[in-house]
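Report on the structure given below.
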Amino acid sequence: MSHHNDRLSLDVHPHHHHHHHSLTPPIYLLKLHSIYLISRRLNLDINFSQPQALQYFITTQPGVYNYAILRLSDGTTLDNSTFTAPYFNPWGYLSTNDTDNVLILGSAPQVGLQVKSYSVQTNSLTNVYDGQSQYSFSFKIQPIVWDPVSLVASVAGLSMANEYGALAIIQFGFGQQTPKSAINLGVQGGTFNTAPIGAYDGSNYYYIYYNMGATIGLVKYSFKDYTFSKTVLNQEGGDIVGSQSLFFYNNQIYLASVYSKVGVTISTINYQTGDIAIIYSDSNIKKGFTQTIQTFVFDQDTGSIIILNVENDNLYVDIFDVTTETVTSSILDNTIPPNTNTIAVSTYTIPSASFSN
């Protein structure tokens, strides 16, 4: 399997040690529905219509980590700590509430899967759960769905039981349930042009976008019922030189695409009709569109897709509000290291619900 800089695969060999192949994986965003609702109400009260800051976590070299918070209004780094800890390869966030502790999924040699807790207050990385993967898989770095009750993490990807792979939900269990196989979604037998991507609706449904052979489709999976349905979209499948992300907000599915050295588009996908409609595009080549860092970050609280492009030491920030379909743009001095793929919105600068200092 070819390894793009934002793709990760793990082959499980029954009689050998686990081999973990990866480059720095990124961002799996899930806050629980109740948190959405509280912060939504809070947003209206304190009227933050825009995301305030970003957080990122990377491994700069084995056992050395860098965590930082970047204020979007002026590019100021509010928190930047470099520290050492046992070797751990981060795959992405399970939770991103950095006023408390951030949860990060990844892998470690000799251990297998790990969930670590990072404290912004003490700049410490603590091991929370260990687990094993029972099967071979590959997935693109993207938001991961985390169930804090069953301790199962789910992400769209490919189950690698054959050379092409089958469309699947890859699951990692850290509690009583340790999934022994991926959830097969009945799409296989051809070459996947791009890695599958998923978007969670915050309560039950997980939408998975795939591009296989000449077909582009969308699967709607129910975590409650363990059932799924599929729709084929009205667009031809094919290779893409670039990267895509899928987001869900207010009953609408959004596909964000960056095409290398060409530009960015954001489209809506209608699951009922199969229509894909572009609602935003940007081809200002000054921005480079080279994907040296994670291009798209979604802010669930404000319904914003944050688009990041680095070129000539500039960080181009375009914040697209999906409700109004308007964009706010700025150019900052870039301080985000190359290959940073674990970027999420930060709540660090936002007053807490109690407004206590």
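Any read-out appearing in this document is the output of simple, stated calculations on the displayed coordinates, not a laboratory observation. Please read these numbers as outputs of a predicted model, since none were measured by experiment. Heads up, the Cβs are rebuilt from the backbone with ideal geometry, glycines too, and the neighbour counts pull from every protein chain shown.
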**Report entry** Separation of the GLU325 and ASN80 label points, Cα + 7 Å toward Cβ, nm
**Finding:** 3.9 nm
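By how many nm would the segment from THR290 to ASN251 lengthen if fully extended, with 0.36 nm per residue of separation less the alpha-carbon distance? Don't jump to the answer; show the numbers that get you there.
Working: separation 39, 0.36 × 39 = 14.04 nm, distance 3.10 nm.
Length difference between fully extended and current span is 10.9 nm.
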Query - Stretch gain in nm, segment TYR259-GLN121, where the contour uses 0.36 nm per residue and the Cα spacing is subtracted - result: 45.9 nm
**Report entry** Column: log10 I(q)/I(0), Debye, Cα scatterers of the range 7-346, q = 0.08 Å⁻¹
**Finding:** -0.35
Query raised in the report: Most exposed first by the Cβ proxy, i.e. fewest other Cβ within 10 Å, how do GLU163, GLU236 rank?
Result: GLU163, GLU236
Query raised in the report: Here are some pairs, LYS180/LYS224; LYS230/LYS261; LYS116/LYS261; which of them have Cα atoms lying more than 29 Å apart in this structure?
Result: LYS230/LYS261; LYS116/LYS261
Report task. Loop only per DSSP, at most 14 neighbouring Cβ atoms within 10 Å: give me the trypsin sites (Lys or Arg not before Pro) in the range 217-274, ordered by residue number. Result -> LYS224, LYS261
Report summary line: In whole angstrom, the spacing between the Cα centers of the range 141-182 and the range 287-334 equals 29 Å
